[in-house]
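The values are calculated or read from the model by the stated rules, or taken from the named source; none is laboratory data. This one's a predicted model, so the numbers in the text were calculated from it and none came from an experiment. Positions of Cβ are generated from backbone atoms using ideal geometry, with glycine treated the same way; all protein chains shown enter the neighbour counts.
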Amino acid sequence: MFSVLIPVGPKPVELARLQDTVDSLRAHEPAEDVRLVLVDDSLTPRPQLAELEWPTPPVVVRTPLWEASAPPDLKSALVAGAMEGLRAAAAEAPEFCLKMDTDALVIAPFADKVRAALAADPTVGMLGSYDRRCTGERRDWEHKGRAIAAASRPVTVWRRSTRFRVPTGFWYKPAALRARARDLTQQALANGYELGAHCLGGAYAVSPALLQRTDLLDWRPWVRTPDVGEDVTVSLAVFAAGLRIRGMVDRDEPFGLAFQGLPADPRWLVENGHSLVHSLKDHRGSSEEELRTWFREHAR
């Protein structure tokens, strides 16, 4: 059995996205082989997540920072939720954990390919869209490296994404958390980590070797670190654990992802043998509903 971790955002549309994404999973993998772990990223708990129809009731994790009286920022809350979700998935002792967003979709079987890749190399801690996209373009993560470097600073300046980058807030990080972020980063760098390196967060698989290191799946050192998502922090944890990341984006390999929109035409992704696609939002020339309908009809 393997786990599938899906963070579910606070907007009402996320519930419909979740249902369609789960339906796509059911269409291509035996539901009885999958343990669902859902992260409730809503400020108000949504009991309907636990009622999602599945052979085994889903495990639902609340984003820890929403329980605080004043959550520090949305990005920190999302990182905290996803990393707590990985810790919950680890408790199920799965063969591996696939993390995917609600704007990702399963379009073909993937589990056996992930199993084979992990069995072939026990040093792999993460599989996904890493240094290349499925269309061959090299990925650049320099800006994420600068953000990681800032995680050990005592004060972080938050700037709104405007032309003039006007500061809109100042965040203080306690010394113990700064030290932990610095130690984790140095440990990862000593194991070959390139600052900012990460798999695209729309969908990636995490091995049991990393899931067993729950001490590294700690969101607290990364709170109040702008522009650092859970895909970056989990990727860093892979190297801190002495493991490595393998890209699986070639023909007949699972990951056909892009940060915004799909990396290629839907038909090309199918014909190229990919199993997991992202993002159905913001794709050029096609609405999200049109893309979901196209993949749904193809599955039939």
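What is the residue count in segment 228-255 for residues that are under 14 Å from the mean Cα position of the chain (by Cα) and not aliphatic (A, V, I, L, M)?
So the answer is 6.
Taking segment 276-293 on its own, how many of its residues are on the phi > 0 side of the Ramachandran plot and of a type in the set (D, E, K, R)?
The total comes to 1.
So Gln186 clears everything in (1) at pLDDT below 90; (2) out of contact with any Pro (no Cβ under 7 Å at 6 or more places or on another chain); (3) over 28 Å from Gly256 (Cβ atoms) except one condition, right? Which one?
Going through the list (1) at pLDDT below 90; (2) out of contact with any Pro (no Cβ under 7 Å at 6 or more places or on another chain); (3) over 28 Å from Gly256 (Cβ atoms), Gln186 breaks only (1).
Which helices (runs of 4 or more DSSP H) does segment 199-300 wholly contain that include 3 or more residues that are more than 30 Å from Lys173 (Cα to Cα)? Let's see the steps before the verdict.
On the way: elements: 208-211, 230-240, 266-271, 288-299.
Because the criterion is at least 3 residues that are more than 30 Å from Lys173 (Cα to Cα), the helices (runs of 4 or more DSSP H) in segment 199-300 that meet it are 266-271, 288-299.
Tell me which residues, restricted to segment 89-121, are under 27 Å from Gly196 (Cβ atoms), crowded, with 20+ Cβ neighbours inside 10 Å and of a type in the set (Gly, Ala, Ser).
Answer for segment 89-121, where residues must be under 27 Å from Gly196 (Cβ atoms), crowded, with 20+ Cβ neighbours inside 10 Å and of a type in the set (Gly, Ala, Ser): Ala89, Ala90, Ala104.
Tell me which residues, restricted to segment 239-285, are at pLDDT 95 or above and aromatic (Phe, Trp, Tyr).
Once the filter is applied, which keeps residues that are at pLDDT 95 or above and aromatic (Phe, Trp, Tyr), segment 239-285 yields Phe239, Phe255, Trp268.
List, please: which pairs have Cβ atoms under 6 Å, are six or more places apart or on different chains, and start with a residue in segment 242-259 that is in contact (Cβ under 8 Å) with a residue 24 or more places away in the chain and over 12 Å from Val277 (Cβ atoms) and end with one that is of a type outside the set (A, V, I, L, M, F, W, C) and surrounded by 22 or more Cβ atoms within 10 Å (Cβ to Cβ)?
Leu243/Gly125; Ile245/Tyr130; Gly247/Tyr130; Met248/Pro254
Checking the condition in contact with a helix residue (DSSP H, G or I) (Cβ under 9 Å, 6 or more places away or on another chain), buried (at least 17 other Cβ atoms within 10 Å of the Cβ), modelled with pLDDT of 95 or more and farther than 30 Å from Ala264 by Cα, which residue from Val60, Val124 passes?
Unique residue meeting the criteria: Val60.
Of everything in segment 229-286, what is surrounded by fewer than 17 Cβ atoms within 10 Å (Cβ to Cβ), of a type outside the set (Gly, Ala, Ser) and within 30 Å of Ala190 (Cβ to Cβ)? Give them in sequence order.
Those that are surrounded by fewer than 17 Cβ atoms within 10 Å (Cβ to Cβ), of a type outside the set (Gly, Ala, Ser) and within 30 Å of Ala190 (Cβ to Cβ): Arg244, Asp250, Phe259.
Of the residues that sit in segment 18-57 and are touching a residue at least 60 places away in the same chain (Cβ under 8 Å) and in contact with a Phe, Trp or Tyr (Cβ under 8 Å, 6 or more places away or on another chain), which one is surrounded by the most Cβ atoms within 10 Å (Cβ to Cβ)?
Ser24
Yes or no: Ser42 modelled with pLDDT of 95 or more, under 26 Å from Thr214 (Cα atoms), among the small types (Gly, Ala, Ser) and outside any helix (DSSP H, G or I)?
Answer is no for this residue.
Could you check how many residues of segment 1-20 are at pLDDT 95 or above and under 20 Å from Ala88 (Cα atoms)?
Summing the residues that are at pLDDT 95 or above and under 20 Å from Ala88 (Cα atoms) in segment 1-20 gives 8.
Please go through segment 271-300 and pick out each residue that is within 13 Å of Ile107 (Cβ to Cβ) and under 22 Å from the mean Cα position of the chain (by Cα).
Matches in segment 271-300: Gly273, His274, Ser275, Leu276, Val277, His278, Leu280, Leu291, Arg292, Phe295.
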